[in-house]
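Inspection log for the structure reproduced underneath, given as structure tokens.
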Amino acid sequence: MAQLNFAPPPPNTEATERLRGEVRGFLAKELAGMSAQKRASSWGGRDPDFSRKMAAQGWIGMTWPKKYGGHERTALERYVVLEEMLAAGAPVGAHWIADRQSAPSILRFGTEEQRQFFVPKIAKGECFFCIGMSEPDSGSDLAATRTRAVSVEGGFRVNGTKIWTSGANAAHYMILFCRTDQKGDDRHAGVSQFIVDMRTPGLTVRPIYDMSGYRQFNEVVFEDMFLPTSALLGNQGDGWKQVTSELAYERSGPDRFLSTFTLLIEGFGMLANRVDDRAAIALGRIIAHLMTLRRMSRSIAGMLQRGEDPATHAAVVKELGTSLEQEMVEVMRLLIDAEPDGSSNNPYIAVLAHTIMSAPSFSLRGGTREILRGMIARGLGLR
Amino acid sequence: MSETTDLLRDMAERLFGDGCDKAALAAAANGEWPKALWTQMEENGLTNALTPENAGGSGLSISDALLALRISARHAAPVPFAETLLASWLAAGAGLVAPAGPLTIAPASGVDVPALTKRDGGWRLSGRARRVPFARDAAAIAVLTADGAMPMVALVDPKLCKIENGKNLASEPRDDMVFDCDLAARDVAKAANGVDAHTLRLFGAAMRANQIAGALSRVLDMTVQYTQERVQFGKPISKFQAMQHNLAMLAAHSAAANAAADMAADAAEKDMDELAIAAAKTRCGESASVGAAIAHQAHGAIGFTQEHMLHFFTQRLWSWRDEFGKESDWALLIGRSAAKAGREKIWSDIVTA
């Protein structure tokens, strides 16, 4: 029976801690005057200018080869930048997906031409990606995808609809997951990935506003959209294998337990010198969880750097991490005598409102809680 | 992972696996001293793991010693392994030579320090200690006491003390003691630099965190195995999704406990960092509670009985989560420290620990 072993993470070094100091200096300057409510958007907050400034510091594409505009730094150095950004509530959303999974996928599965074309632009903070996975009838059941790319002269013709696509309105490209061959006995066969220019004729983006009124989501419709053969990412028919290899990147990072860190900090700010024993116990417990999750998540960064495939480990981090994020809302709410109000001038009260309204998404995006538990069970050999 | 560590892991797995079958655990729970197991541990250099080589010990690193301890707990080894490690570490740090045989420490519960006074070229130790682990079985008790403000270690023969037998939920001895005895000058010395009652409690918490992680990993194995064997409605109950999701959570909590125990071991090895150990004990305690509950739910009635091994592990989890500070004790320390540091420093403290 497979026990999940989280190997010790690579230790902090002088280099990582020097880098941490640089990031903190940068953030103190760049985020001065940013409201707590904006910070609370965490990696949902988009600011292309901020992304370009980060890129100028060499903080996008940190681990990628220099010949593609990367910086050949370690996974741990990248981790330091990510966690400092999230802890400060920096608006990293514009480039987040491209940096986290699109470019790594292109580097791994793309042609040399694709690598040279896309990766340097991503590293410069000039090229943002979105993920075309979910569909109206295909959410957790990704293999049920109905969007189809049919072979035509010189490429493919695509018809179908993607939904809940975060940032489709601001992204330059989408990595589209769709069916390229008829569904056979093997549900995971016959699917492929494409890199789609969001300006391609036949592609329309329609906004979907979330319950707070934010434009998080979009619907993306493809009507006889033509894609050249060069848009294919990796091998035709390998889409399932490719997409699952992204998941460890998508699920193991500090974005899976620091989304609500601003709420914790503003809670401490609100309590100020009134942290009684009851509050200290509740808040201390949250910090204990964060410290453990951070160790597990850094351990996975080390595994990814060594070329291992920690998909089940990542599912554990995401499940425990998002559960903590959601629980944190309840802990703070019961601890502090205030009613949530997004229009309040009080930063804690405004952040609480924001966090309550976004919390349900934490255990949906990037794989639902139910899917993750199923994956862990599979890792245990139960299915 | 070094080669020494791998060898140690294999040796410990074999030794505790062989020595802790159901009969041995049941006998120990009935108050029988597991002589054969302890002898094996002595012969393989586990009991003096934290005694330096130049003092006749194995001189293992703290993290290797804690790894062996975690494995002992994977088998619910009914011996004062953690306590012997703690006592020999205290004694060695003070330059004292502990006698052969099982050892234990005081204070173990709470921070009441027995009082030490000078007398006739020696010392007199007086006071109480509650719930001292395995006091009745120990060859000596390393008592963390104080001469004024100076932390001192006294090696005490339990025969000189009044012992009232008690036990924890797993029937491990937890004895109340009254100290009122004269000690020779050679049995009392200054504690190692920086070691006081709080340090002892921290190290004890790091030990229990590792024991919880070990026992819980076994509980996970047992539960996975049981649910694959038990058939209801025509199929193994592990095939039911409701069961799979519960087991996934048990696995997640077990993984978190292991990671937290590693964090405690690193801290104990390095500098006894208070925040790291406090967080580890808090996190492991919570895993113990959640994990034991899921395991019992999955095992049904049989897991609730003496017919099955499960209770040897869950009873230890329920005891160890409270010993050397329960979750709320350590969370309180973390929360107060964060409040004192202020909002600007909370993150940097998390990162530094």
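Looking only at region B:301-324, decide whether some residue is buried (at least 22 other Cβ atoms within 10 Å of the Cβ), within 14 Å of another protein chain (Cβ to nearest Cβ) and hydroxyl-bearing (Ser, Thr, Tyr). No, region B:301-324 has no match at all.
Residues of region A:277-297 that are more than 9 Å from chain B (Cβ to nearest Cβ) and either over 16 Å from the mean Cα position of the chain (by Cα) or surrounded by fewer than 23 Cβ atoms within 10 Å (Cβ to Cβ) (or both): A:Arg278 alone.
Here B:Leu90 clears all of (1) in a helix (DSSP H, G or I); (2) more than 18 Å from B:Arg208 (Cβ to Cβ); (3) open to solvent by less than 50 Å² (accessible area, probe 1.4 Å) except the condition numbered (2). Confirm whether B:Arg343 is open to solvent by 20 Å² or more (accessible area, probe 1.4 Å) and free of Cβ contacts under 8 Å to residues at least 60 places away in the same chain. Criteria met by B:Arg343. Taken residue by residue, region B:121-129 has at least one member that is within 29 Å of B:Ala73 (Cα to Cα) and of a type outside the set (S, T, N, Q).
Here region B:218-239 is the region considered, the condition is being open to solvent by 70 Å² or more (accessible area, probe 1.4 Å) and not polar (S, T, N, Q), and the residue that is nearest to the other protein chains (Cβ to nearest Cβ) is B:Lys239.
Report yes if some residue within region A:333-347 is buried (at least 20 other Cβ atoms within 10 Å of the Cβ) and either modelled with pLDDT of 95 or more or more than 10 Å from chain B (Cβ to nearest Cβ) (or both); otherwise report no. No: region A:333-347 contains no residue that is buried (at least 20 other Cβ atoms within 10 Å of the Cβ) and either modelled with pLDDT of 95 or more or more than 10 Å from chain B (Cβ to nearest Cβ) (or both).
Condition first: closer than 21 Å to B:Pro34 by Cα and open to solvent by 20 Å² or more (accessible area, probe 1.4 Å). Now tell me which residues in region B:167-214 satisfy that. If the condition is that a residue be closer than 21 Å to B:Pro34 by Cα and open to solvent by 20 Å² or more (accessible area, probe 1.4 Å), then B:Lys167, B:Leu169, B:Ser171 are the ones that fit. Scanning region B:250-278 for residues that are over 16 Å from the mean Cα position of the chain (by Cα) and either surrounded by 24 or more Cβ atoms within 10 Å (Cβ to Cβ) or touching a residue at least 24 places away in the same chain (Cβ under 8 Å) (or both) yields B:Leu250, B:Ala251, B:Ala252, B:His253, B:Ser254, B:Ala255, B:Ala256, B:Ala259, B:Asp273, B:Glu274, B:Leu275, B:Ala276. Right, A:Ala75: more than 19 Å from A:Cys127 (Cβ to Cβ) and of a type in the set (A, V, I, L, M, F, W, C) or not? So A:Ala75 fits the description; yes. B:Ala23 - would you say it is among the small types (Gly, Ala, Ser) and either in contact with a strand residue (DSSP E or B) (Cβ under 6 Å, 6 or more places away or on another chain) or not in a helix (DSSP H, G or I) (or both)? The answer is no for B:Ala23.
Among the residues making up region A:344-383, a single one is over 30 Å from B:Val219 (Cβ atoms) and among the aromatic types (Phe, Trp, Tyr): A:Tyr348. Checked against (1) closer than 23 Å to B:Met263 by Cα; (2) in a helix (DSSP H, G or I); (3) open to solvent by 20 Å² or more (accessible area, probe 1.4 Å), B:Arg14 passes all but a single condition, namely (1). Within region A:137-166, the set of residues being more than 29 Å from A:Tyr214 (Cα to Cα), open to solvent by 20 Å² or more (accessible area, probe 1.4 Å) and in a strand (DSSP E or B) comprises A:Arg148, A:Val150, A:Ser151, A:Val152, A:Arg157. Is it the case that B:Arg208 is in contact with a Lys or Arg (Cβ under 6 Å, 6 or more places away or on another chain) and within 28 Å of B:Trp330 (Cβ to Cβ)? In short, no. A single member of A:Arg306, A:Arg365 is of a type in the set (Lys, Arg) and more than 14 Å from every other protein chain (Cβ to nearest Cβ), and it is A:Arg365. Inspection of region B:240-249 identifies no residue that is small (Gly, Ala, Ser), in contact (Cβ under 8 Å) with a residue 24 or more places away in the chain, farther than 23 Å from A:Arg20 by Cβ and within 12 Å of chain A (Cβ to nearest Cβ).
When region A:1-60 is filtered for residues that are outside any loop (DSSP other than H, G, I, E, B), within 13 Å of chain B (Cβ to nearest Cβ) and touching a helix residue (DSSP H, G or I) at 6+ places or on another chain (Cβ under 7 Å), the ones remaining, listed by number, are A:Thr16, A:Leu19, A:Arg20, A:Val23, A:Arg24, A:Leu27, A:Ala36, A:Arg39.
Among the residues of region A:92-136, which ones are within 14 Å of the chain's Cα centre (by Cα), buried (at least 24 other Cβ atoms within 10 Å of the Cβ) and assigned to a loop (DSSP other than H, G, I, E, B)? The answer is A:Phe128, and nothing else.
In the condition set (1) under 22 Å from the mean Cα position of the chain (by Cα); (2) within 30 Å of B:Ala251 (Cα to Cα), A:Gln3 is compliant with all but (1).
All of A:Ser212, A:Ser230 fail the test of being of a type in the set (Ser, Thr, Tyr), in a helix (DSSP H, G or I) and open to solvent by 20 Å² or more (accessible area, probe 1.4 Å), apart from A:Ser230. Taking the listed residues A:Gly284, A:Gly302, A:Gly253, the one that is at pLDDT 95 or above, touching a helix residue (DSSP H, G or I) at 6+ places or on another chain (Cβ under 9 Å) and either more than 16 Å from B:Ala256 (Cβ to Cβ) or among the hydrophobic types (A, V, I, L, M, F, W, C) (or both) is A:Gly284, with no other qualifying.
Quick grid of which residues meet (1) open to solvent by less than 20 Å² (accessible area, probe 1.4 Å); (2) of a type in the set (Lys, Arg); (3) touching a residue at least 40 places away in the same chain (Cβ under 8 Å):
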position: A:Thr260; (1), (2), (3): yes, no, yes
position: A:Gly269; (1), (2), (3): no, no, yes
position: A:Val275; (1), (2), (3): no, no, no
position: A:Ser299; (1), (2), (3): yes, no, yes
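The residue list B:Gly31, B:Gly45, B:Gly56 contains one member that is open to solvent by 10 Å² or more (accessible area, probe 1.4 Å), at positive phi, touching a residue at least 60 places away in the same chain (Cβ under 8 Å) and not assigned by TED's automatic domain parsing to the domain that holds B:Asp157, which is B:Gly31.
The values are calculated or read from the model by the stated rules, or taken from the named source; none is laboratory data. Bear in mind the structure is a predicted one, so any value in this text is a computation, not a measurement. Neighbour counts run over all protein chains shown; Cβ positions are idealised from the backbone, glycine included. Note: accessible area is taken over every heavy atom of the protein model, side chains too, but ligands, DNA and RNA are not part of it. Shrake-Rupley method; radii C 1.70, N 1.55, O 1.52, S 1.80 Å.
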